[in-house]
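The values are calculated or read from the model by the stated rules, or taken from the named source; none is laboratory data. The model shown is predicted, which means the values in this text are computed figures rather than measured ones. Cβ placement follows ideal geometry from the backbone for every residue including glycine, while neighbour counts extend to all protein chains displayed.
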Amino acid sequence: MSLSGRVVLITGATGGLGPAVAHAIAARGVRLALVGRDEDSVCELARQFADARGFGADVTDEAGVADLMLRVRERVGEPDALVHLVGGYAGGKTVHLTEVSTWEAMLSLNLRSAFLVSRAVLPGMLERGRGKIVTIGSRAAYESGARMAAYAVSKAALIKLTEALAAEVRERGIQVNAIAPSVIDTAANRRSMPKADPETWVKPEEVARAVVFLLENDAVAGEVLKIYGRA
């Protein structure tokens, strides 16, 4: 699929990956609908591009996603592609010490959000017989360490959601894929792991290039690109 002139919806646009992904996709001449929890921040990001609009929304909330889609369709157009970057990490405790609130927060942020936004964009894609969805999993979905069960489980479930969606819509002209990176070199990760070597981590720009590849490729569906760097 040529991206030129298409509408690409990017959720989690102001997170650690968001700006790099937005810049890589914008270079293809798309119309960007950028979504973040804080409307001022996402609108500031949108001003960096020739054809972009920013939208504040909580994509873990069903009503919030419905309202978001109304605004996106009205101001930008029906999304041709969804890049779902929303996610987060909480860990550090063993399973028997993990609070239920942490468990539920990880499932909501990393899984529920992807379900709600994918469900919202798919009717338009099915009607037109084309579309792309890219989600962001994690190496932890395959190689979970200790004290990170809630995060690992939520990302593993996200991978399974992606695979199930791909199986449902691949014969309707829609490709759904995921990227599973290892530790990404973001400011937040550098702060939380000051003794680690970020040179072994995955750069946001590397993930962004993988996203563009999946958006432009019609022959890949139901796959998970593992990008682990040297970590």
request  = Would you please list the contacts, defined by Cβ atoms under 6 Å and residues six or more apart or on different chains, that run from a residue in region 149-172 that is more than 25 Å from VAL183 (Cα to Cα) to a residue that is hydrophobic (A, V, I, L, M, F, W, C)?
outcome  = LEU165/VAL176; ALA166/VAL176; ALA166/ALA221; ARG170/ALA221; ARG172/LEU126
request  = Keeping to region 90-109, report how many residues are in contact with a Phe, Trp or Tyr (Cβ under 9 Å, 6 or more places away or on another chain) and not in a helix (DSSP H, G or I).
outcome  = 2
remark   = Screening GLY5, GLY87, GLY64, GLY77 for residues that are closer than 20 Å to VAL121 by Cα and not in a loop (DSSP other than H, G, I, E, B) leaves only GLY64
ask   = Conditions: (1) closer than 21 Å to ILE179 by Cα; (2) of a type in the set (Gly, Ala, Ser); (3) part of a loop (DSSP other than H, G, I, E, B). ALA24 meets all but one. Number of the miss?
value = (3)
request  = Can you confirm whether region 199-215 contains a residue that is hydrophobic (A, V, I, L, M, F, W, C) and over 18 Å from GLY137 (Cβ atoms)?
outcome  = no
message = Show me the helices (runs of 4 or more DSSP H) entirely contained within region 121-229 in which 1 or more residues are of a type in the set (A, V, I, L, M) and at pLDDT below 95.
response = 187-192
note = ALA66 meets each of (1) of a type in the set (A, V, I, L, M); (2) out of contact with any helix residue (DSSP H, G or I) (no Cβ under 9 Å at 6 or more places or on another chain); (3) more than 24 Å from LEU215 (Cβ to Cβ) with one exception, condition (2)
remark   = Filter region 70-84 for residues that are buried (at least 23 other Cβ atoms within 10 Å of the Cβ) and among the hydrophobic types (A, V, I, L, M, F, W, C); the one that is farthest from PRO19 (Cα to Cα) is ALA81
Given (1) closer than 21 Å to SER192 by Cα; (2) surrounded by 13 or more Cβ atoms within 10 Å (Cβ to Cβ); (3) not basic (Lys, Arg), number of the condition ILE133 does not satisfy = (1)
note = From the option list ALA157, ALA149, ALA187, ALA164, single residue qualifying as under 21 Å from GLY88 (Cα atoms), out of contact with any helix residue (DSSP H, G or I) (no Cβ under 8 Å at 6 or more places or on another chain) and surrounded by fewer than 21 Cβ atoms within 10 Å (Cβ to Cβ) is ALA187
inquiry  = I'm told ASN110 meets every condition in (1) within 15 Å of the chain's Cα centre (by Cα); (2) at pLDDT below 95 except one. Can you identify the failing condition by its number?
reply    = (2)
inquiry  = Give me the residue from region 35-59 that is within 18 Å of the chain's Cα centre (by Cα) and part of a loop (DSSP other than H, G, I, E, B) and, out of that set, farthest from HIS84 (Cα to Cα).
reply    = ASP38
ask   = Just a yes or no: is a residue in region 208-231 loosely packed, with under 14 Cβ neighbours inside 10 Å, β-branched (Val, Ile, Thr) and touching a residue at least 12 places away in the same chain (Cβ under 8 Å)?
value = no
ask   = Any residue in region 73-85 that is out of contact with any Phe, Trp or Tyr (no Cβ under 7 Å at 6 or more places or on another chain), closer than 21 Å to ASN189 by Cα and modelled with pLDDT of 95 or more?
value = yes
request  = For residues that are touching a helix residue (DSSP H, G or I) at 6+ places or on another chain (Cβ under 8 Å) and surrounded by 19 or more Cβ atoms within 10 Å (Cβ to Cβ), scanning just region 25-38, find the one that is nearest to MET1 (Cα to Cα).
outcome  = ILE25
